[in-house]
Amino acid sequence: MENEKQLVFWILQTGEPLPIDKDFSRPMRAVNLSNKLLEKGHKVVLWSSRFNHQTKEHRTNDYKKFKENENFEIRLIPSCGYKKNISIKRLVDHAQLAYNLHKILKKEKYHPDIAFLGFPPIEVNFVMSSWLSKRKIPFVVDVKDLWPDVFVENLIGWKKKIAKFFLFHYYFATKKIYRQATALTTITNSYLRYIENFSNKKSSQLNKVFPLVSNLKLEDDNQDLAEKWLDEIGAHNDNTFRVVYVGNLYSNIDLSEVKKAAQSFKEKNSNVQFVICGDGEYLPIFKNMMKDLDNVIFPGPINKNKVSVLAKRSNVWLIPYLNKEYFRLSLPNKTYDALYFGIPLFSSLEGEVKNLIIENEVGMFYDKINSLEKCLTKLQNNNELQKSMSNNGKKLYDEKFEFNKVYDTFISYLENMVIKKND
């Protein structure tokens, strides 16, 4: 659609980094969408939390508006915050966030043309969706995590039934959010089928899948500091066969096969190195797990420039998530990073990731029988296979997951929703 009219978009996303954050480097769904909307000449109000989920620090002392420019405003909703992602305090924080949003919206005089709600958390989505629905404002709910089912996935039998009983209000609220929505968007076809079945909401042509891709193109070509940093941590630009993981280090990551492979390669004195980048609650646990393995290094958090240089020095990209249902239905955003850089993907994750790897020949799937060590050895000894998987990955990225293609289509989809509402 040609931008004939400037539209006002509200975006609700409480758990992502923001441009006002210190050391902000990698935009996620909400900011990527905001930037693209601003490029098209629209106005954006981005609703987020005063509490920074990544750093576990408060951004401000109270409800505050940041006017970035005449078309872009960030609003921060107060809440108490929390220290651990899995905790009672986090539930309290989300309840408080929703209550404060309700108070703020009661005084709100201006309406958007359309709203885009990042789901979860459940509580703030329930408040915002109810407010929008009463005013007949079209809104899209963008589902990236399968709350509340993730809370009970590891339970079985009567324990699961009891947990669902006590979480009844979350199930009720989530179904109402989905049913009130003008449309549902999500990250894979498996996710879309799941949430449509969950909500008993009739499948609609308006419900769409938009991959969780990032803009990996570097604005600064000067990567000398990144090169120097990699040399300092021991990831040298040599003939080492390098296996990398880039992401958060939480309980959903399984490095048991990495440990077995690293032990075997060390005993064989093989030039295979594992670089596990990122931060999180499980970093000390994983470091302790690998304490006797000098072929495994943990350099900590890593920015876009460092990722780019590390990618040039690497042979395999790991997606080592646990085989939980919400991961099997998903394609983690790091999957697209590997395709962009043309690095073969290795994963033990069933479902969407496994299907993508096998159907497109962009990597290998490993398990206890076809171990990570066997897969790495096979690739290490076959340069032609490495080149083939690399080329397949780049081609797949360009065809289906290129950032501008995905987000330009996303913007047109949202614009057209407003047009249909006004027709």
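When you go through (1) closer than 15 Å to residue 118 by Cβ; (2) touching a helix residue (DSSP H, G or I) at 6+ places or on another chain (Cβ under 6 Å) one by one for residue 82, which number turns out not to apply?
(1)
Filter the stretch 365-398 down to residues that are within 19 Å of residue 355 (Cα to Cα) and in contact with a Phe, Trp or Tyr (Cβ under 7 Å, 6 or more places away or on another chain) and give me whichever is surrounded by the most Cβ atoms within 10 Å (Cβ to Cβ).
372
For residue 132, state whether it is in the same structural domain as residue 21 (by TED's automatic domain parsing), part of a helix (DSSP H, G or I) and over 24 Å from the mean Cα position of the chain (by Cα).
Details: in the same structural domain as residue 21 (by TED's automatic domain parsing): yes; part of a helix (DSSP H, G or I): yes; over 24 Å from the mean Cα position of the chain (by Cα): yes.
In short, yes.
Please find, among 343, 369, the residue that is hydrophobic (A, V, I, L, M, F, W, C) and under 23 Å from residue 309 (Cβ atoms).
Values: 369 fails: under 23 Å from residue 309 (Cβ atoms).
Exactly one residue qualifies, and that residue is 343.
Give the number of residues within the stretch 255-275 that are of a type in the set (S, T, N, Q) and under 29 Å from the mean Cα position of the chain (by Cα).
Taking the stretch 255-275 first, the residues of a type in the set (S, T, N, Q) are 256, 263-264, 269-271, 273.
Among the residues that remain, those that are also under 29 Å from the mean Cα position of the chain (by Cα) are: 256, 273.
So the answer is 2.
Search the stretch 123-171 for residues being closer than 30 Å to residue 416 by Cα and basic (Lys, Arg), and hand back the single one that is surrounded by the most Cβ atoms within 10 Å (Cβ to Cβ).
Restricting attention to the stretch 123-171, the residues satisfying the condition of being closer than 30 Å to residue 416 by Cα are 123-147.
Subsequent filtering for residues that are basic (Lys, Arg) retains 134-136, 144.
On the way: 134: 9, 135: 10, 136: 9, 144: 21.
Within the stretch 123-171, the match that is surrounded by the most Cβ atoms within 10 Å (Cβ to Cβ) is 144.
So, in the stretch 1-19, of the ones that are touching an Asp or Glu at 6+ places or on another chain (Cβ under 8 Å) and in a loop (DSSP other than H, G, I, E, B), which residue ends up nearest to residue 54 (Cα to Cα)?
First pass over the stretch 1-19, keeping only residues touching an Asp or Glu at 6+ places or on another chain (Cβ under 8 Å): 1, 3, 7-9, 19.
Then keep just the ones that are in a loop (DSSP other than H, G, I, E, B); that gives 1, 3, 7, 19.
Working: 1: 36, 3: 35, 7: 31, 19: 13 Å.
Per the stated criteria, the residue is 19.
Which one is surrounded by the most Cβ atoms within 10 Å (Cβ to Cβ), of the residues in the stretch 216-270 that are under 22 Å from residue 342 (Cα atoms) and touching an Asp or Glu at 6+ places or on another chain (Cβ under 8 Å)?
So the residue we want is 246.
What are the pairs, 6+ residues apart or on separate chains, where a residue within the stretch 269-296 that is outside the structural domain of residue 241 (by TED's automatic domain parsing) and aromatic (Phe, Trp, Tyr) has its Cβ under 8 Å from a residue that is surrounded by 17 or more Cβ atoms within 10 Å (Cβ to Cβ) and assigned to a helix (DSSP H, G or I)?
Short answer, once both residue conditions are applied: none.
Which of the following residues is among the hydrophobic types (A, V, I, L, M, F, W, C) and assigned to a helix (DSSP H, G or I): 249, 216, 184, 192? Outline the logic, then answer.
Numbers: 249 fails: assigned to a helix (DSSP H, G or I); 216 fails: assigned to a helix (DSSP H, G or I); 184 fails: assigned to a helix (DSSP H, G or I).
Selected residue: 192, the only one of 249, 216, 184, 192 that is among the hydrophobic types (A, V, I, L, M, F, W, C) and assigned to a helix (DSSP H, G or I).
Just to be sure I understand the filter: pairs with C-beta atoms under 9 Å, separated by 6 or more residues or on different chains, first member in the stretch 317-329 and crowded, with 20+ Cβ neighbours inside 10 Å, second member basic (Lys, Arg). Which pairs pass?
317/334; 318/334; 319/334; 321/328; 329/193
The values are calculated or read from the model by the stated rules, or taken from the named source; none is laboratory data. Here the structure is a predicted model, which means the values were calculated and not measured. Here Cβ is always computed from backbone atoms with ideal geometry, including for glycine, and neighbour counts include all displayed protein chains.
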